[in-house]
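What follows is a short report on a single structure.
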Amino acid sequence: MLTSMDRTRTVASLVLSHPELATVFQEHRIDFCCRGDLTVSEACRERNVDEGGLWAVIERAMERDKFLNAEEAKAFGIVDQVFDKRPVPAETE
């Protein structure tokens, strides 16, 4: 449970320590990059999101370890692209 979590942490600091929360914030239209300096409470007020409901979602997302294969990580939003082989760098002139 997150009862001991410091709820004054910024959105960006939460995503940095728990990358799985990136998708949670994206689904709630909360920017964790350019506006990542806001606390969850401030971001919720700015986006008109129920703070208690968001903390419940955050808690569920963090309750268990997630071990994802490459395609699951892509679907979850952690990675943008999955390569079967290492890409060959373009030759420079």
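So is Cys34 without any contact (Cβ under 8 Å) to a residue 40 or more places away in the chain and touching a helix residue (DSSP H, G or I) at 6+ places or on another chain (Cβ under 6 Å) or not? No: the conditions fail for Cys34. Every condition in (1) without any contact (Cβ under 8 Å) to a residue 12 or more places away in the chain; (2) under 14 Å from the mean Cα position of the chain (by Cα); (3) over 17 Å from His18 (Cα atoms) is met by Gly52 except one, and the failing one is (2).
A short reminder: the numbers here are calculations on the coordinates, not readings from a lab. Since the structure is predicted, the reported quantities are computational estimates derived from the model, not experimental observations. Heads up, the Cβs are rebuilt from the backbone with ideal geometry, glycines too, and the neighbour counts pull from every protein chain shown.
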